[in-house]
Amino acid sequence: MAESQNLEQFKGQARLPKFAIPKRYDIFLKPDLDACKFTGTVEIAVDVVEDTRFLVLNAAELTVENQSVWFSGHGYSEVLRPSEITIVENDEILVLLFSDVLPHGEGFLWIGFEGTLNDRMKGFYRSVYKHNGENKNMAVTQFEPADARRCFPCWDEPAFKASFKIILEVPSDHVALSNMPVTKEEVNGNVKKLYYQESPIMSTYLVAVVVGLFDFVEASTTDGINVRVYCQVGKSNQGKFALDVAVKTLDLYKEYFAVPYPLPKLDMIAIPDFAAGAMENYGLVTYRETALLYDERHSAAANKQRVATVVGHELAHQWFGNLVTMEWWTHLWLNEGFATWVSYLAADSIFPEWKIWTQFLDDTVSGLRLDALAESHPIEVDINHANEIDEIFDAISYLKGASLIRMLQCFLGAECFQKSLASYVKRFAYSNAKTEDLWNVLEEGSGEPVKILMNSWTKQQGYPVVDVTLRDGKLELKQSLFLASGSPGVGEWIVPITMCCGSYETTKKFLLQTKSELINVSQLLDSSITNTGEKAGCFWIKFNVDQTGFYRVKYNGELETGIRYAIENNKLSATDRFGILDDSYALCMASKQNLSSLLSLMTAYREEPEYTVTSHLITVSYKVIYMIADASPELSADIKQFVISLLQHSAERLGWDPKEGESHLDAMLRGEILSALAKFGHPATHDEALKRFNAFLNDRDTLLLPPDTRHAAYVAVIRAVDKTNKYGYDSLLKLYRETDLSQEKTRILSCLASSPDPDIVSEALNFVLSSEVRNQDAVFGLSGISLEGREVAWKWLKENWDYISKTWGSGFLLTRFVSSIVSSFTSDEKANEIEAFFATRITPGISRTLKQSLERVRINANWVRSIRKEDSLATAIKELV
Ligand code: BES
Ligand code: ZN
């Protein structure tokens, strides 16, 4: 009731009240690119549906004058001015109090406002670029998750969908883009006014505006949708690859979702200062340069793949996210997990030679790692304040999310899954949906118990390890929560089990619905042994076939022997080889298996031919070498020798020079193998790297160092310490300063702190904070910190924390400063020290990340202790080398 309303009741609430619903926004914006300010007006058509004297909407960092707010009922019959205007800063709301109850039905709220084009890469912000050698500002928006309110007052929640009609006033020589095409342009001397077509109804976080000087390339889809890639003047060639991918992807999604692309045009644009990787604004997708531009001569194969998958991801959102939107941030994973999964579908169709579904495993493994922490969170999480949203754009929402979608798709079958999905998109188009809505549609379409199955995965954090043992022709399966700490935990899942015995022809699938189950498989075993001609005693069973399930498997006794046999005798697919290695690694970290047995398993991968599996072997090796360096430094040289010997086969096959017509995957693998050998100090690689690096330093066009091998050469040169003249560091800095390609800049940044000399690490970290490194890129400088440099890095983080938290304070980039430096430690004492430092510095935006990083340190400490206890380790390593 109106009488009982008061201002206090609107404070501290997670969501806005629903007594007035926005229907349409008419927005006028006039950015001043030199003064970095903007002015604007918004007229919002609202539907007043309950008695109210208040209107409550979002606004933040905007100046709203009392005399520039009014409301009028239907037909503008009477203009009402609010008697009180309050901005509640903490809650980022604007509360308007009127002296009388507002008339029900349609009304118009008019607000004039001013703001600053900020430097924080959110809301309406400025990005700096060079044009004809001079620095210029462009104006860019980034509204997800909750920053549209920093550009114009609005009901800034995904469920308040409305249509948007935008007018911009900008310098007449500038390009100004928004979600929809321009319908009218009025030029008046050196300013122009652009009127954009009204959008279909959409959420505020997807509204976008970009103003600057750009070139573009363009093409059309088979439906005649105009697609453009915009980038800095003179670089439009670099947009061609993304353009081609976009056109193909749009055609593909139209088929897959069985709904045409919903808007009249699609623009994609590279922004030099950009916090995330890319943003799916409806009809105007914004990207980091590294995620959109591809340079034939200086981009690596990995860069190319990144561009294709990011484009595939953002375009998937045009349907999944933009047309059908999550009802609230609790369901963010629906958006992100789904778009991530679909982007692999697109990449697989356009570039089958990339074997992207195998690579999917390597990408989603960080979901398995994060979810093995006690400090993980369920996929569906309560969100009570806008500042809690940023932190859930994490590996759980993206990668566990994508993995669960894949698991479900494999369980239901690709065709049934696609059909149901298409009806979901149709049913919820121009509307909002919750996780359950998707399950309902899939349940209807498949007749399977989707909801109960999936609830066990989305409402509960973590995932199970399934322990398998063979006893008298019966299989015993036991599930329990897997924690990387090795601690026991509670949890029970409905696990879609798949298994194959002796061959991919003999398979079985069922749902494991209880803690443990006994299955009679004697027949299956007998037939698999006779069918495949295996000798008795050489049978094998692989569970979680092709790793499509989000769980781990622990093989016991003869099953373990069988798996080893299957790998060595080439019986398994690359995905299964990957899974066995990763499960064994994870079990070892959790002290459920000793390190010697992991190392022994690794020897079975000596002749591994597949990119993704070898790449993962390298990742596992890095970590093992790192742990041994702390646990038993006297074994360091031997373990490095062992790993180098494992990689020898691939290294010899690939060499340094690209082969005519070689595969994309070989190009990527070469880079990774050489980088690893350089990092582990392999002398021949080192010498060759330095030779090639010098050739490159003298001539940027030399064929001796193509983009795929540059990272390896940079690692080698920075690891070659020469205290007297810092040759490596200085040379890399020279290259950094000279290049204007973002991918090259990040490649160099990610090597600078890998020096074994702590002084150079310290210098590199200070450089990262200098004006020569864009704020968006600073985190890359932290990615390669050497073991020798980690103490210096921690000291640096403490000394600079005030500056860092002020500069990166309100976004997920700050969390990366914490995680990359903190997680590198391996002792409980260090964890305590770090915890003490942050005790007084914790904020909602980093608290989850800090807890997770500290847990990782304690897990490392555990692992170090078990390695030290492993008596026969030294002998085992010696035997393996
Ligand atoms: N919606 C996100 C962008 C985003 C991320 C906005 C975090 C606000 C906070 C976008 O669709 C996205 O997921 N981008 C990814 C790239 C993608 C290929 C995984 C990113 O930014 O890393
Ligand atoms: Zn996304």
Here the gain from full extension of residue 30 to residue 195, 0.36 nm per residue of separation minus their alpha-carbon distance, amounts to 58.2 nm
50 Å tail of the calculated P(r), the chain, as % of Cα pairs:
20
Out of the GluC sites (Glu not before Pro) in the stretch 706-785, which ones are loop residues according to DSSP with at most 14 other C-beta atoms within 10 Å?
772
Karplus couplings for the stretch 279-293 from phi (6.51 cos²θ - 1.76 cosθ + 1.60, θ = phi - 60°), rounded to Hz, Gly and Pro as x?
9, 7, 2, 4, x, 9, 7, 9, 9, 5, 4, 5, 9, 10, 9
Starting with the fewest neighbours, write out 397, 199, 99, 632 ranked by other beta-carbon atoms found within 10 Å of each beta-carbon.
99, 632, 199, 397
With θ set to phi - 60°, apply the Karplus curve 6.51 cos²θ - 1.76 cosθ + 1.60 along the stretch 589-604 and write out the HN-Hα couplings as whole Hz, x wherever there is a Gly or Pro.
4, 7, 6, 9, 7, 8, 5, 4, 6, 5, 4, 5, 4, 4, 5, 5
Answer rounded, prolate or oblate for the stretch 464-568, using the Cα gyration tensor with square roots of eigenvalues a ≥ b ≥ c: rounded when a/c is under 1.5, else prolate when a/b is larger than b/c, else oblate.
prolate
Expressed in angstrom and rounded, the centroid-to-centroid distance over alpha carbons for the stretch 262-283 and the stretch 682-720 is 35
Within the stretch 715-767, list the trypsin sites (Lys or Arg not before Pro) lying in a DSSP loop whose Cβ has at most 15 other Cβ atoms in a 10 Å radius.
723
Mind computing the radius of gyration and Dmax over the alpha-carbon atoms of the stretch 1-211? Å is fine for both.
17.6, 62
Would you mind working out the magnitude of the charge dipole of the chain relative to its Cα centre, with +1 at each Lys and Arg C-beta and -1 at each Asp and Glu C-beta, to the nearest 20 Debye?
980
Work out how much length residue 375 to residue 663 would gain on full extension: take 0.36 nm times their residue separation and subtract the Cα-Cα distance, in nm to one decimal.
99.6 nm
Round to the nearest 10 and give me the degree value, 0 to 90, for the angle of helix 664-679's Cα axis relative to the longest principal axis of the chain.
70
Cα extents of the stretch 394-500 along the three principal axes, largest first, in whole Å?
53, 33, 19
Pairwise label distance in nanometres, residue 652 with residue 841, each label 7 Å out on the Cα-Cβ vector:
5.0
For residue 523 and residue 875, extending 7 Å from Cα along the Cα-Cβ vector and measuring point to point gives, in nm, a value of 4.7
Using the Cα atoms of the stretch 442-523, I'd like the radius of gyration and the largest Cα-Cα distance, Dmax, both in angstrom.
14.5, 41
Are there GluC sites (Glu not before Pro) in the stretch 55-100 that DSSP puts in a loop and that have at most 13 other Cβ atoms within 10 Å, and which ones?
65, 78, 89
When the Cα centres of the stretch 734-763 and the stretch 832-881 are compared, how far apart do they sit, in Å?
27
Report the relative contact order of the chain, percent, no decimals, based on alpha-carbon pairs under 8 angstrom and at least 6 residues apart.
8
Crossing angle, helix 828-838 versus the chain [Cα axis fit, 0-90 degrees, rounded to tens]:
10
Thinking of the stretch 320-458 as a set of Cα atoms, what percent of all their pairs are more than 23 Å apart?
34
For the chain, calculated [θ]222 nm from helices alone, where every DSSP H run of n ≥ 4 adds -39500 (n - 2.57):
-13000 deg cm²/dmol
Hey, what's the per residue convex hull volume over the C-alpha atoms of the stretch 543-667, in cubic angstrom?
119
Put +1 on the Cβ of every Lys and Arg and -1 on every Asp and Glu Cβ in the chain; which of 854, 319, 499 then has its Cα farthest towards the positive end of the dipole?
499
For residue 191, which sequence-distant residues (separation of 5 or more, or a different chain) have an amide H within less than 5 Å of its own amide H, given hydrogens modelled in the peptide plane?
172
Multiply the residue separation of residue 759 and residue 426 by 0.36 nm, subtract the distance between their alpha-carbon atoms, and state the gained length in nm to one decimal.
114.0 nm
With no solvent and one point on each alpha carbon, what is the Debye value of log10 I(q)/I(0) for the stretch 745-881 at q = 0.12, 0.16, 0.20 Å⁻¹?
-0.52, -0.84, -1.18
Estimated FRET transfer efficiency (residue 800, residue 49; beta-carbon r; R0 60 Å; 0.05):
0.75
With Rh as the Kirkwood radius over Cα pairs, the stretch 56-140 has Rg/Rh of 1.16
Can you tell me the FRET efficiency between residue 452 and residue 487 if r is taken as the Cβ-Cβ distance and R0 is 35 Å, rounded to the nearest 0.05?
0.80
Pseudo-spin-label distance residue 350 to residue 645, built 7 Å along Cα→Cβ, given in nm, is 4.4
Any idea what the dipole of the stretch 464-568 comes to, in debye rounded to 20, about its Cα centre with Lys/Arg Cβ at +1 and Asp/Glu Cβ at -1?
180
Kindly write out, for the stretch 801-808 in residue order, the coupling ³J(HN,Hα) from the Karplus curve 6.51 cos²θ - 1.76 cosθ + 1.60 (θ = phi - 60°), rounded to whole Hz, with x marking Gly and Pro.
4, 4, 5, 4, 5, 6, 6, 10
If Lys and Arg each add +1 and Asp and Glu each add -1, what is the summed charge of the other residues whose beta carbon sits under 10 Å from the beta carbon of residue 285?
-3
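No lab work stands behind these numbers, since they all come straight from the coordinates. Quick caveat: nothing in here was measured; it's all calculated off a predicted structure. Note that we place each Cβ from the backbone using ideal geometry, even for glycine, and neighbour counts take in every protein chain shown.
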